[in-house]
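Working notes, beginning with the structure itself.
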Amino acid sequence: MHQLKLLSEETPSEPTPLTVESLLFGHDPTPHLIAVEAIGGLIRLYRREGGRLITEEEPFEPWLLSDQKMEMPDVHWQALEGDFGARPTLRYLARCAHREAFDTLRRALREAHREILAFGSLPRQYLMLLGKTLFKGMAFNDLRRLQLDIETSTLTSDQAESQILMIALSDNRGYEEILEGDEATLLNTLTERIVQLDPDVIEGHNLFGFDLPYLYRRAQELGIALAWGRDGSVLRFGSPRACVIGANNRTFTPAFVHGRHLLDTYLAVQRFDIWRGDLESYGLKESAQQLGIASEERIYLERQQIPHLWRTDPDTVRRYCLQDVHETRLLAELVLPTEFYQCQMLPDTLQNLATIGTGEKANLLFVRAYLMQGHAVPTPEPPRDYPGGYTEVRFVGRIEHVVKADVESLYPSVMLYYRIKPKVDTLDVFLPLLAELRQRRLDAKTRARATIGTESAYWDGLQGSFKILINSFYGYLGAPFHFNDYDAAEAVTLKGQELVKQIAQQIEALGGRVIEIDTDGVYFQPPPHVQTEDQERVFVETVGAILPEGIRLVQDGRYAVMLSLKTKNYVLLSYDGKRIFKGASLRSRADERFGREFITRAVEWLLMNKPEQVPQEYLRLAHALLNREVPIEDLCRRERITEKSKLPHHPLRNLASRFQVGDYIMVYRKRDGTLGLLEEYANDADVEHYVEKLYKFAQRLEPLFPDFERAFPKPQMLIHSANQPSLF
């Protein structure tokens, strides 16, 4: 039931006292806000009370900050306190009577080359200025979440034969359904279900890249409005933007539904994996398999099979489609809670927080704190280079009995112990906020271990959200944000280098052998008298005793074998048989299957201490390649057709015109140097090229073979001697 209520403007006239609670969660305690939307000159709030959805509206004036006032109609200026010396200061707050005045002012200030801070999102503006956040008092499972997946006749919606075949829906309250029929019926029924189920969140895997654009294009063709909004408005698309994934960005085109959050698990799982590096592929099926959430009864179909099976065996396609939404739901429950709990702290929508970087999130906290005090905000400090973390490999090869010692939250601990903060943080927000986040994370971790089921999941999701924000503080110092400070970033890095070098020195002084140092951790072989896990733990504690109070060294792993190749590139074998690959030297998603399998077999032999098997396999596989005994499927690689594929010098230029942008094709290298399609293979693979590729695969293992040149003959020698079986 929706209830409409008009509230008066609530902008505080006096600065709100700074407390760690208000720094972290904003000063307004309003619970159970589900969504915030701008509509006309109003902000519309969606809030839950029991089982009811309450709709409220408030007048709201868009705002921005500038280093200089610019008089124009419908704009009121307020001078803020504070000054940052030589650093330009955003000391003037402009309140605009409506969105048009805001846009006009922002454009004029930019054209005048003034320094400004102007958020284009009115919900973000509102939440920041009013001190509100979404989802206070809620757990992730309190959200009403709907999963969506479509099966289609083509990969793109602009082909003549494009058609939606079926739509699968499920939610986190037990509902599931397959929608079938003609396309008009499908699309209208989908809209009816969304309105009936009234989800807070719509989830899908590659939702922005495939499902929503396809649905929208087909609806346009049929003259059907996708009126999914809580106000009856239609699905709409924004401008392309970047989803921040670690140090990289992935461009996507966001879509919006009034009063609901759209979340793409394809983007979310990449962010989830960025620090783990466990996943070889981010497709739904591959991610579910590798994360252990795939059902034993899972059906796996090739994309090109679906249109035919839909006509001949629709039950199989139905089960397949439902399994897609089941896996999407399970994947979302694994990769999205962190952003949900951050949303309780940060002044932004869940949909937006699921794509922005951690530095931008920290910036929202600091800017909100200063505005709460009616205080000016500094402009970002110009960038400069500064030292990075210390890395060093001291031993390359195969090592048994390896321990990893790690400094818990090294850079945050250094900042807190040595009181390193931005020099422009005149209100002293940075360090108290960091200390509070660290303490709350420790408390949440303790509660997660002490509870079970949904309660444990709540505390674990909360501690994960704290952890990501904690780790963002150091990166924030050395990035282009308002309270950055490159001198402070350098001081933290140098102190971190000093500490980790002391740890390595102490390990060796106590009889251990350091293998690799990487920023905040050390892999080492303990002294002979240290054998058991308890003894390893005691040894690490002994080493850590040299560190300042509050900076803690912990045992972060123990491994039966380590293959050390070069800095940040190694393989670990745990005592329970798990293999952990680090770095791109050994494997890449772009590798052909024969190369991946060669590396996998080689690693197994090296872990088993049978290095002589690797050169033998190299020679055997080279012989098989030259004799065309390796299946062509193992020589192919998967390529995606893009706009660039059609450029004159692109390797795919001869094939790109036959496919749609977005299509995936399997290609191999032909004798004439061009690429051919797997399905058009004519015994014309450039096998000499693949022998050269095999040699490059073997070269990845070179640090593990002191006699590499003798053990692995170069391709020219193999090709020249191809008719001398004795060589092989």
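Brief remarks on what is shown
- Among the candidates ARG303, ARG311, ARG318, the residue that is free of Cβ contacts under 8 Å to residues at least 12 places away in the same chain, basic (Lys, Arg) and open to solvent by 40 Å² or more (accessible area, probe 1.4 Å) is uniquely ARG311.
- Selection within the stretch 199-224 - at positive phi and in contact (Cβ under 8 Å) with a residue 40 or more places away in the chain: ASN206
- Filtered residues of the stretch 18-30 (kept if closer than 17 Å to TYR126 by Cβ and exposed (fewer than 15 other Cβ atoms within 10 Å of the Cβ)): PRO29
- Against the test of being assigned to a helix (DSSP H, G or I), open to solvent by 10 Å² or more (accessible area, probe 1.4 Å) and among the aliphatic types (A, V, I, L, M), the options LEU371, LEU365 yield a single qualifying residue, LEU371.
- Any chance GLU392 is of a type in the set (Asp, Glu) and touching a strand residue (DSSP E or B) at 6+ places or on another chain (Cβ under 6 Å): yes
- Check on ALA247, free of Cβ contacts under 8 Å to residues at least 12 places away in the same chain and of a type in the set (A, V, I, L, M, F, W, C): yes
- Residues in the stretch 61-111 that are in a helix (DSSP H, G or I), open to solvent by 10 Å² or more (accessible area, probe 1.4 Å), out of contact with any helix residue (DSSP H, G or I) (no Cβ under 8 Å at 6 or more places or on another chain) and in contact (Cβ under 8 Å) with a residue 40 or more places away in the chain: ARG106 only.
- Evaluating VAL661 against the criteria (1) at pLDDT 95 or above; (2) assigned to a loop (DSSP other than H, G, I, E, B); (3) among the aliphatic types (A, V, I, L, M) leaves one unmet condition, (1).
- In the stretch 413-448, the residues that are open to solvent by 10 Å² or more (accessible area, probe 1.4 Å), in a helix (DSSP H, G or I) and out of contact with any Asp or Glu (no Cβ under 9 Å at 6 or more places or on another chain): LEU416, PRO432, ALA435, ARG438, GLN439, ARG440, ARG441, LEU442, ASP443, THR446
- Considering the stretch 142-173, and only residues there that are touching a strand residue (DSSP E or B) at 6+ places or on another chain (Cβ under 6 Å) and β-branched (Val, Ile, Thr), the residue that is surrounded by the fewest Cβ atoms within 10 Å (Cβ to Cβ) turns out to be ILE150.
- Residue match in the stretch 518-529 (condition: within 23 Å of ARG398 (Cβ to Cβ), open to solvent by 10 Å² or more (accessible area, probe 1.4 Å), under 32 Å from the mean Cα position of the chain (by Cα) and touching a residue at least 60 places away in the same chain (Cβ under 8 Å)): yes
- Considering the stretch 673-728, the residues that are over 30 Å from ARG640 (Cβ atoms), part of a helix (DSSP H, G or I) and open to solvent by less than 90 Å² (accessible area, probe 1.4 Å) include one that is modelled with the lowest pLDDT, namely LEU727.
The values are calculated or read from the model by the stated rules, or taken from the named source; none is laboratory data. These numbers come from a predicted model, not from an experiment. Neighbour counts run over all protein chains shown; Cβ positions are idealised from the backbone, glycine included. Only protein heavy atoms, including side chains, enter the accessible area calculation; ligands, DNA and RNA are left aside. Shrake-Rupley method; radii C 1.70, N 1.55, O 1.52, S 1.80 Å.
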